[in-house]
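The values are calculated or read from the model by the stated rules, or taken from the named source; none is laboratory data. Please read these numbers as outputs of a predicted model, since none were measured by experiment. Using ideal geometry, Cβ is built from the backbone for each residue, glycine included, and neighbour counts are taken over all protein chains shown.
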Amino acid sequence: MKDVQSRELGPEEVLADTLYGSDENCEQAAALSVAVISSVGGPPPGAGLTLADFQLSPDGPVLACPQGEATRATNCRKHRYRAAFSSPRCHACPQRSRCPVKPGKHYHYRRYDEKANRLAPRRARNRAMETGPGSKSRLAQLIFLVKGHMQTFGTTITNFIIPDVSCYPFELKMAA
């Protein structure tokens, strides 16, 4: 990126696959004023609610829970955030069994770090793209099916042209 920017050809956005979409790469690109558009790697989130389901402020703090309940207090210490929610409201919440908010002394708390805060909007965007309109269209299913058959056909042709010699009883020798 530095090379193309030195020639004044640098992009403002880069589309990348998951491997190049790590948080570290995104941070380095942001330092060069380039946005990396990529899926977030790592294991998929479990069945419960994640930080991506909460309403987040652009500068970090959680503004509200997935049910719309506003935070009572938020703080940040040493790059770690803590959002406090009303305990009586959390006890009565229909999402309580799926929610990552944990009970504390005075409130229920959602704790997270800066990296999780940066990844949450990207995970939410990925989820929207996966479940958005047209995501499971018949055309997409057909393309996926044809792609699988083409890969199988390609492997079959390759194995026919370049056979596995280990299965033959003879040995090739070269005369000097």
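Here is a yes/no grid of residues against (1) at pLDDT 90 or above; (2) under 19 Å from Q55 (Cβ atoms):
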{"position": "S87", "(1), (2)": "yes, no"}
{"position": "P94", "(1), (2)": "yes, yes"}
{"position": "G104", "(1), (2)": "yes, no"}
{"position": "Y109", "(1), (2)": "yes, yes"}
{"position": "N126", "(1), (2)": "no, yes"}
{"position": "E130", "(1), (2)": "no, no"}
{"position": "G134", "(1), (2)": "no, no"}
{"position": "R138", "(1), (2)": "no, no"}
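Considering only residues in the range 24-50 that are at pLDDT 85 or above and in a loop (DSSP other than H, G, I, E, B), the one that is farthest from E12 (Cα to Cα) turns out to be L49. Listed conditions (1) outside the structural domain of E114 (by TED's automatic domain parsing); (2) surrounded by 11 or more Cβ atoms within 10 Å (Cβ to Cβ) are all met by R7, apart from (2).
I'd like to check something: does the range 52-68 contain any residue that is at positive phi, touching a Cys at 6+ places or on another chain (Cβ under 9 Å) and not β-branched (V, I, T)? The answer is yes; a qualifying residue exists.
Yes/no per residue for (1) assigned by TED's automatic domain parsing to the domain that holds E24; (2) free of Cβ contacts under 8 Å to residues at least 24 places away in the same chain; (3) closer than 29 Å to C26 by Cα:
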position	(1), (2), (3)
D59	no, yes, yes
L63	no, yes, yes
T74	no, yes, yes
S87	no, yes, no
Q95	no, no, no
V101	no, no, yes
Y109	no, no, yes
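If you go through the range 24-36 and keep only what is in contact with an Asp or Glu (Cβ under 9 Å, 6 or more places away or on another chain) and over 17 Å from A116 (Cα atoms), you end up with S33, V34, A35.
Taking the conditions exactly as written (closer than 24 Å to L19 by Cα and loosely packed, with under 15 Cβ neighbours inside 10 Å), does G42 satisfy them or not?
So G42 fits the description; yes.
Residues in the range 163-176: is at least one closer than 30 Å to D59 by Cα, among the hydroxyl-bearing types (S, T, Y), modelled with pLDDT under 70 and outside the structural domain of A83 (by TED's automatic domain parsing)? Write out each step before concluding.
Step one: of the range 163-176, the residues closer than 30 Å to D59 by Cα are none.
Within the range 163-176, none of the residues are closer than 30 Å to D59 by Cα, among the hydroxyl-bearing types (S, T, Y), modelled with pLDDT under 70 and outside the structural domain of A83 (by TED's automatic domain parsing).
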